[in-house]
């Protein structure tokens, strides 16, 4: 299988966001939520990173790509590595929310993140 240029860049350079990550960042900003740290390294010297993190709130968000195309996160080795990462983060006190691309696109992700921050979903948005 040949990866497109954007997919190769996203895979080889963690600072390049996927479509779903970029969309979620736009949703976060539109909702008036605090700006997250991206590609946050939470357990040095391990190289584990969260897609989005709010360290003061100990809240992390992961956007799991490739769920319908048998991507890294759903193949055995990748799934097991993710379990190790999420378990270690939980033991360190992190709350981790995980979303698929479809959940970001539908608005389910931003609704859950708002709830994690204790925002009422019916509150007016900040200007």
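The values are calculated or read from the model by the stated rules, or taken from the named source; none is laboratory data. Note that the structure is predicted; figures quoted are calculated from it, not measured. Backbone-built Cβ (ideal geometry, glycine too); neighbour counts: all protein chains shown.
The lone criterion from (1) at pLDDT 90 or above; (2) in a loop (DSSP other than H, G, I, E, B); (3) loosely packed, with under 11 Cβ neighbours inside 10 Å; (4) more than 15 Å from the chain's Cα centre (by Cα) left unmet by residue 56 is number (2). Screening the range 97-119 for residues that are modelled with pLDDT of 95 or more, buried (at least 18 other Cβ atoms within 10 Å of the Cβ) and touching a strand residue (DSSP E or B) at 6+ places or on another chain (Cβ under 8 Å) and picking the one that is nearest to residue 33 (Cα to Cα) gives 113.
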